[in-house]
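Q: Can you keep this structure in mind? I'll have questions shortly.
Nothing in this text is a laboratory measurement; each read-out follows from the coordinates by a stated rule. What you are looking at is a predicted structure, and each value in this text was computed from that prediction instead of being measured. Virtual Cβ from ideal backbone geometry, glycine too; neighbours counted across all protein chains shown.
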Amino acid sequence: MRLLLLLLVLGVCWAQYDPHTQNGQTSIVHLFEWRWDDIALECERYLAPHGYGGVQISPPNENVVINKPPRPWWERYQPISYKICSRSGNEDEFRDMVKRCNDVGVNIYVDAVVNHMCGSGVHAGTSSTCGSYFNPGSRDFPAVPYSAWDFNDGKCTTRSGGIESYHNIYQVRDCRLSGFLDLALGKDYVRSTIAAYMNNLIAMGVAGFRIDASKHMWPGDIKAFLDKLNNLNTKWFPEGSRPFIYQEVIDLGGEPIQSSEYFGNGRVTEFKYGTKLGTVLRKWNGEKLAYLKNWGEGWSFMPSDRALVFVDNHYNQRGYAAGGPSVLTFWEFRLYKMAVGFMLAHPYGFTRVMSSFKWPRYFKNGQDVNNWIGPPNDNGVIKKVTTINGDNTCGNGWVCEHRWRQIRNMVIFRNVVNGQAFTNWWDNGSNQVAFGRGNKGFIVFNNDDWALSSNLQTGLPAGTYCDVISGDKSGNSCTGIEIYVGSDGLAYFSISNTAEDPFIAIHVDAKL
Ligand code: QV4
Ligand code: CA
């Protein structure tokens, strides 16, 4: 009885940290700015067959339209109402996407922008994705509805009404972030309204939420609306499943607000992860791969079971401050593939892969002045993701990092080694390292300026393995490098420092 109670309590406590991914899948992908009809197709034709467990989608609710063609991507972070109506599609298309993705075992996670509405300086009118009227000046959002009572104007004590210091926790929570009208989350009406929006999505079948700008909401206020959420739809999820929650808190240290304040509500984005990994792979500040031996909590990251990790996100890939210049992106594809490969091989955290669109980067005084530019579009209508024949890459300006062979195969690697310990670490004291995951997988990196050639203990059963970085296993042959593991678990690795991808990964599902 006591054990049962304990299990019950544990089960309940654990629930919101569990992404509820299906079929042993262990990673999600952010399909940034994709259309709902394209995501539905991608779930069926690519994500499910290649082991992706879910998709983080862009905010699905109505937002302000900034009429500056090609329209900034960031207009979607200025809500006007909770109608499911955005540049990615309407409610019918949204429902169709959730159903089709769920039907093939790929979950949908919604980016929930609930700290604020649009900017205070936006003109009143109907320039919104569904045409709903709004008036920021009088705090009127009749399509929700919200009115002046529902904002924090009275609670914020700065002269400007905006956040002036990140060292004052009251300002950060109660004042306007970049001018956005700050919702009064202390009010039950606001909490209930937000919960109703999220419950509407849960009923449609979504599996969880990224909570945007969580640092700017009191942890207790977030808890209050999360407590009002229903369990996931039993058409696809086990009875009693709680929505998966990950909160966007940028905590790089040095501020009074810390990620740990939010652990009670769910997971938290670990921004130190990509910042540090980028620094190490770039060999800045005397860093080297050998130092990754105690990667994770050893680097003063949050506990692994609270962390949502990623190499880059939609914000810091554009050079915005959250992480700084060390953050690696698809623009630096060689190091980027190594970073994502390392992340997916390493047991720390729950992993999110980024999938981007290209924009015309243009630097003035070291600043990318085009980083606001929105997704590929025709007169404002988001372009479809086209896939190039014969090859699996994407066209029309979509980068599709998640389809790059090295990344896609490491997503599969992570599924194969799931639950296995971090084992057989090896390093040369410099930038050549290797590690295994129990007796299921092994990975070797060479980021030195000279060749790697070593006999290493892989921990794997004897046999011939296909390197899933340089190629694929197809039938009983391998289109890339082959690795021979002896009966003692040892294998010889040779990686040139000028190799296209200077790393090798093998696992038991790619054994020939
Ligand atoms: C401008 C000035 C402000 C001024 C304001 C007055 O810059 O100083 O106070 O006018 O009205 C856009 C513009 C921004 C403009 C603002 C208001 O870029 O210049 O302010 O609109 O009109 C995204 C973009 C923002 C964008 C926003 C809304 O990144 O540039 O702002 O969408 O359109 C902190 C937080 C963290 C947050 C990050 C941006 O701790 O939580 O700032 N990150 C998340 C998302 C991010 C998103 C938001 C939060 C906001 O990852 O993508 O902002 O929802 O670090
Ligand atoms: Ca706030």
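Q: If Lys and Arg each add +1 and Asp and Glu each add -1, what is the summed charge of the other residues whose beta carbon sits under 13 Å from the beta carbon of Asp111?
A: Here the count lands on 0.
Q: Just the projected area, averaged over all directions, of the convex hull on the alpha carbon atoms of the stretch 1-142: how many nm²?
A: If I average the Cα hull's projected area over directions, I get 11.3 nm².
Q: May I pose another question? Hey, can you grab everything whose amide H is under 5 Å from the amide H of Ser128? Only 5+ residues off in sequence or another chain; H modelled, so Pro and N-termini drop out.
A: Correct list: Val65.
Q: Relative contact order for the stretch 423-467: what percent, with Cα pairs under 8 Å and sequence separation of 6 or more? Don't skip to the answer; put the middle values down first.
A: Working: 60 pairs, mean separation 15.0, N = 45.
Taking the mean separation of contacting Cα pairs over the length of the stretch 423-467, I get 33 percent.
Q: Taking a threshold of 31 Å on the Cα-Cα distance, which of the pairs Lys68/Lys276; Lys272/Lys364; Lys68/Lys155 fall above it?
A: Lys68/Lys276; Lys68/Lys155
Q: Give a residue-ordered list of calculated ³J(HN,Hα) values for the stretch 492-504 (Karplus: 6.51 cos²θ - 1.76 cosθ + 1.60, θ = phi - 60°; whole Hz; x for Gly, Pro).
A: 9, 10, 9, 10, 6, 6, 9, 4, 4, 10, x, 8, 10
Q: Quick one: Karplus J couplings for the stretch 101-110, per residue in order, coefficients 6.51, -1.76, 1.60, θ = phi - 60°, nearest Hz, x for Gly and Pro?
A: Couplings: 5, 4, 5, 9, x, 10, 7, 10, 10, 9 Hz.
Q: A further question follows. What residues qualify as long-range amide H neighbours of Tyr146, i.e. H under 5 Å apart, gap of 5 or more or another chain, H built at 1.01 Å from N?
A: Residues meeting the criterion, in which the H sits 1.01 Å from N, are Phe141.
Q: In what sequence, highest mean first, do 315-328, 406-419 appear when ranked by Cβ atoms within 10 angstrom?
A: Top of the packing list down: 406-419, 315-328.
Q: What value, in deg cm²/dmol to 500, does the helix sum -39500 (n - 2.57) over DSSP H runs of n ≥ 4 give at 222 nm once divided by the residues of the chain?
A: -6000 deg cm²/dmol
Q: Taking K and R as +1 and D and E as -1, what net charge do the other residues with C-beta under 15 Å from the C-beta of Gly286 add up to? Could you put the intermediate results ahead of the total?
A: Values: positive: Lys276, Arg282, Lys283, Lys288; negative: Glu287, Asp448.
So the environment of Gly286 carries a net charge of +2.
Q: Putting +1 on Lys and Arg Cβ atoms and -1 on Asp and Glu Cβ atoms, find which of Val106, Val122, Ile84 reaches farthest to the positive end of the dipole of the stretch 37-142.
A: Val122
Q: Given 10 Å bins starting at zero, what is the percent of C-alpha pairs of the chain in each, up to the one with the largest pair distance?
A: Using 10 Å bins, I get a P(r) of 4, 18, 29, 27, 15, 6, 1, 0 for the chain.
Q: Tally Lys and Arg at +1 and Asp and Glu at -1 over the other residues with C-beta under 15 Å from the C-beta of Gly463: what net charge comes out?
A: Around Gly463, the charge tally is -1.
Q: What value does the stretch 344-447 have for Rg/Rh, both radii from Cα atoms and Rh as Kirkwood defines it?
A: Taking Rh as the inverse mean 1/r over Cα pairs, Rg/Rh reads 1.11.
Q: If you don't mind, another one. May I ask for the distance between the Cα centers of the stretch 79-124 and the stretch 438-507, given as a whole number of Å?
A: 42 Å
Q: Remind me, relative contact order of the chain in percent, using alpha carbon pairs under 8 angstrom and six or more residues apart?
A: 12 percent
Q: Also: How high is the relative contact order of the stretch 65-183? Use alpha-carbon pairs under 8 Å, at least six apart in sequence, and give a whole percent.
A: 24 percent
Q: Report the convex hull volume per residue for the stretch 397-459, counting only C-alpha atoms, in Å³. Kindly include the intermediate steps, with their values, before the conclusion.
A: Numbers: hull volume 6.8 nm³, N = 63.
It comes to 108 Å³ per residue, whole-number rounded.
Q: Nearest 5 is fine: what % of DSSP beta bridges in the chain come out antiparallel, could you say?
A: Of the beta bridges lying entirely in the chain, close to 65 percent run antiparallel.
Q: If packing is taken as the average count of other Cβ atoms within 10 Å, what order do 131-140, 379-388 fall into, highest mean first?
A: Going by the mean number of other Cβ atoms within 10 Å, highest first, we get 131-140, 379-388.
Q: Could I ask something else about it? Could the peptides 453-466, 428-441, 292-305 be put in order, highest first, of the mean number of other beta-carbon atoms found within 10 Å of their residues?
A: Top to bottom by mean Cβ count within 10 Å: 428-441, 453-466, 292-305.
Q: Follow-up. List the lysines whose alpha-carbon lies under 24 Å from that of Lys440, not counting same-chain residues fewer than 8 positions away?
A: Qualifying lysines at Cα under 24 Å: Lys293, Lys337, Lys473, Lys511.
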